[in-house]
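No value in this document is a laboratory result; all are computed from the given coordinates. None of the values given here were measured: they were computed from a predicted structure. Backbone-built Cβ (ideal geometry, glycine too); neighbour counts: all protein chains shown.
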Amino acid sequence: MAQYQDDIKAVAGVKETYGSAWNAINPEYAARMRAQNKFKTGLDIAKYTAKIMRADMAAYDADPAKYTQSLGCWHGFIGQQKMISIKKHFKSTERRYLYLSGWMVAALRSEFGPLPDQSMHEKTSVSALIRELYTFLRQADARELGGLFRELDAAKDAAAKAAIQEKIDNHVTHVVPIIADIDAGFGNAEATYLLAKQFIEAGACCIQIENQVSDEKQCGHQDGKVTVPHEDFLAKIRAIRYAFLELGVDDGIIVARTDSLGAGLTKQIAVTNTPGDLGDQYNSFLDCEELSADQLGNGDVIIKRDGKLLRPKRLPSNLFQFRAGTGEARCVLDCITSLQNGADLLWIETEKPHIAQIGGMVKEIRKVIPNAKLVYNNSPSFNWTLNFRQQVYDAMKEAGKDVSAYERAALMSTEYDDSELAKLADEKIRTFQADASREAGIFHHLITLPTYHTAALSTDNLAKEYFGDQGMLGYVAGVQRKEIRQGIACVKHQNMSGSDIGDDHKEYFSGEAALKAAGKDNTMNQFH
């Protein structure tokens, strides 16, 4: 029997227990409110969504065509509208998540104002955004179910009621996994553990952490990145795992991100006790020069390897430099070490979207960890058009085809938009996610900052039209008319904000005395 009907009977039983004092309570109304509030706490959400992610990971292992996707969010409304749109277009949320970008929190949610992605924003603003996202997703459930309950009340015959009841019984929630960015942990391992608990309590089943130094953290697509020795990073991975276990989310997911490909610096020389141990492997990538004891200068730092004294190159910033060209090898070691010490998924931050580059590293990782899987940033920091046109250009040239009609450095130009090369590049962009999931072990594709850019683009278009010659037509033709014709739910913005849910509650609480907002004079009725 459906949960909804069970809840009606359960509340009716409680009502009977308390006698006449509860005469005004309608068990069906209470059951409806329970259905509209399926998830009572963030931990309920974390446990539910962790199981979804684990099942999706297993499905991907069996069939790499079953990769997952998400888009970055910086506000609860944005996340809500994404899931409403996904349900509208695809009838299911299967394999579709949300990503919480630390970059967008820093740029758009900090009380300091817009900040770069350098962990300078309030760290609790991230867990607050997780709560906000799930508040909006739960409200989307309540709104959709509320509409079904209204249809149920208005249904005239048993068949119609049965059809609506089936929709209620099989309602697909808007609540999906969120991959939440904890940056470099905002401090030491204890600080990481405390913040991870807040993430999980807010509903996060999946936490992404990177191997940069917390107080030197940079955006993955900026210069000056500084990594930490493996043992420091592994301590933070363990801290997150303990947070999951303490809170009873035993199958929580940890994404270990390595920035080593673009990070040429380290703040610390790793502790090493025996040749070939993890610290020694980390130090082996340092840019060093061999010297004798009498060549030591004031304040020099030296390490000993294979009986030789080596002086790591130290910069005026007091940072040590890695040898050029070691980035991929360091990424591979980072990934293997993380998976061997409690991480579930990998994130390799790259400077361009190139399947062969990513796949080459994954091939090396899978020699040790056969089922290694990646989360990959399909980043707006990449110039996708130029990158893929250049990749096609290079492939054509290598194949001996005539490329004299193209100037490689200028391939972004609109003059090439209708060319064969551009069409081939666009097709590679279109299939990039499927191709990379099949050939490079990418389980999850995300775009970190999509709504940062869509908000700017749509605002630019509206401002140009509204403040220009088009006036009000700039809004009507460019926004509202499209909302109506595309069936965008928030064209009824009063309904989207919860007005009808509130009306239902007023009726539950006050009966015929309820003063409801959705009467005949509500202008929202113009959008039927």
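Numbers for the structure displayed
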{"item": "Tail weight of P(r) past 17 Å, computed on alpha-carbon pairs of segment 476-515, percent", "result": "47"}
{"item": "Mean projected area (nm²) of the alpha-carbon convex hull when segment 366-446 is viewed from all directions", "result": "6.6"}
{"item": "Pairwise FRET efficiency - residue 292 versus residue 506, Cβ, R0 = 60 Å, nearest 0.05", "result": "0.10"}
{"item": "Cα-based reach from residue 47 at 30 Å (exclusive), listing lysines while leaving out same-chain residues under 8 positions away", "result": "9, 38, 66, 82, 87, 88, 91, 123, 167, 197, 236, 373"}
{"item": "Amide H contacts under 5 Å for residue 305, placed H, 5+ residues apart", "result": "310"}
{"item": "Cβ-derived FRET efficiency at R0 60 Å, residue 351 paired with residue 156, nearest 0.05", "result": "0.45"}
{"item": "Percentage of interatomic Cα-Cα distances in the chain larger than 38 Å", "result": "40"}
{"item": "For segment 1-134, Kirkwood radius (reciprocal of mean inverse C-alpha pair distance, Å)", "result": "18.3"}
{"item": "Cα centroid of segment 282-360 to Cα centroid of segment 135-163, whole Å", "result": "59"}
{"item": "Among beta bridges that DSSP assigns inside the chain, antiparallel share in %, nearest 5", "result": "25"}
{"item": "Using a Förster distance of 30 Å, the FRET efficiency for residue 277-residue 317 (Cβ separation, nearest 0.05)", "result": "0.65"}
{"item": "Overall dimensions of segment 131-232 by Cα: Rg and Dmax, Å", "result": "22.2, 69"}
{"item": "Whole-number D in µm² s⁻¹ for segment 380-507, Kirkwood Cα-pair radius fed into Stokes-Einstein, 4 °C, 1.567 mPa s", "result": "68"}
{"item": "Residue 374 long-range amide H proximity, modeled H, under 5 Å", "result": "346, 442, 443, 444"}
{"item": "18 Å Cα-Cα reach of residue 464 towards lysines, excluding residues that sit fewer than 8 places from it in its own chain", "result": "482"}
{"item": "Cα→Cβ-extended label distance, 7 Å offset, between residue 525 and residue 457, nm", "result": "3.9"}
{"item": "Mean Cβ count within 10 Å, highest first, over the residues of peptides 180-186, 193-199, 501-507, 364-370", "result": "180-186, 193-199, 501-507, 364-370"}
{"item": "Sequence-distant residues sharing a close amide H with residue 70 (under 5 Å, placed H)", "result": "97, 445, 446, 447"}
{"item": "Taking all pairs of distinct alpha-carbon atoms in segment 90-175, Kirkwood radius in angstrom", "result": "15.8"}
{"item": "Net length gained if the chain between residue 12 and residue 516 were fully extended (0.36 nm per residue, minus Cα distance)", "result": "178.8 nm"}
{"item": "Ranked by how many other beta carbons lie within 10 Å on average, peptides 102-111, 490-499, 272-281 from highest", "result": "102-111, 490-499, 272-281"}
{"item": "Positive-end extreme of charge dipole, the chain - chosen from 478, 5, 392 (charges on Cβ)", "result": "5"}
{"item": "Packing-based order for 509-522, 117-130, using average beta carbon neighbours within 10 Å, highest first", "result": "117-130, 509-522"}
{"item": "Pairs of Cα atoms farther than 15 Å apart, segment 312-367, %", "result": "57"}
{"item": "Along principal axes, Cα extents of segment 285-404, largest first, whole Å", "result": "60, 44, 27"}
{"item": "Antiparallel DSSP beta bridges within segment 257-399, percent to nearest 5", "result": "70"}
{"item": "Per-residue HN-Hα couplings for segment 24-39 [Karplus 6.51, -1.76, 1.60; θ = phi - 60°; Hz; x = Gly/Pro]", "result": "7, 7, 9, x, 5, 4, 4, 5, 5, 5, 5, 5, 7, 10, 4, 9"}
{"item": "Extended-chain gain in nm, criterion 0.36 nm per residue less alpha-carbon gap, residue 163 and residue 431", "result": "92.6 nm"}
